[in-house]
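Each reported figure results from applying straightforward, stated rules to the coordinates on display, with no laboratory input. Computed from a predicted model, the values in this text were never measured in an experiment. Note that we place each Cβ from the backbone using ideal geometry, even for glycine, and neighbour counts take in every protein chain shown.
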Amino acid sequence: MSEEKETITVDKAFRIMNTFLSHPCIDYARRVKKVFPQIKQFTDYYSILLKENKNLSDSQKGLIKTFLLEYQQILKLLNLYTKEIEMVEKRVFTIC
């Protein structure tokens with residue numbers, strides 16, 4: 001059975017990251033891991049946009065910088081949870 005891929009918006013990515021940073025736990029780590037490729041795409045796009053600095057207001061620059069900073073924090077925190085996620089998934093798999 002293949003898992004359906006979820007498409008998220010930038011707003012939803014921001015909420016997911018913020019929730020994980022505010023309440024780090026394995027369930028939120030799994031959620032972030034599931035949508036991480038999309039979050040990475042947003043991050044790459046925003047990094048380029050910020051470097052090009054085309055007609056961005058100060059508030060837009062601030063939001064982009066906040067998104068990029070949260071992404072960096074997510075990377076660090078997700079690394080801590082990766083082993084735990086793998087262990088839980090192995091246990092669930094062996095139980096089934």
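Give the residues of segment 24-62 that are of a type in the set (A, V, I, L, M, F, W, C) and surrounded by 14 or more Cβ atoms within 10 Å (Cβ to Cβ), sorted by residue number. Those that are of a type in the set (A, V, I, L, M, F, W, C) and surrounded by 14 or more Cβ atoms within 10 Å (Cβ to Cβ): 29, 32, 35, 36, 39, 42, 49, 50, 56.
Taking segment 2-23 as the range and being surrounded by fewer than 17 Cβ atoms within 10 Å (Cβ to Cβ) and closer than 19 Å to residue 79 by Cβ as the test, the residues that pass are 18, 19, 21, 22, 23. When restricted to residues that are among the aliphatic types (A, V, I, L, M), closer than 13 Å to residue 14 by Cβ and in contact (Cβ under 8 Å) with a residue 40 or more places away in the chain, segment 67-84 contains 1. Residue-level analysis places residue 76 outside the set of residues that are among the charged types (D, E, K, R) and over 14 Å from the mean Cα position of the chain (by Cα). Within segment 30-45, track down each residue that is within 13 Å of residue 13 (Cα to Cα) and over 9 Å from the mean Cα position of the chain (by Cα). 41, 42, 43, listed by residue number.
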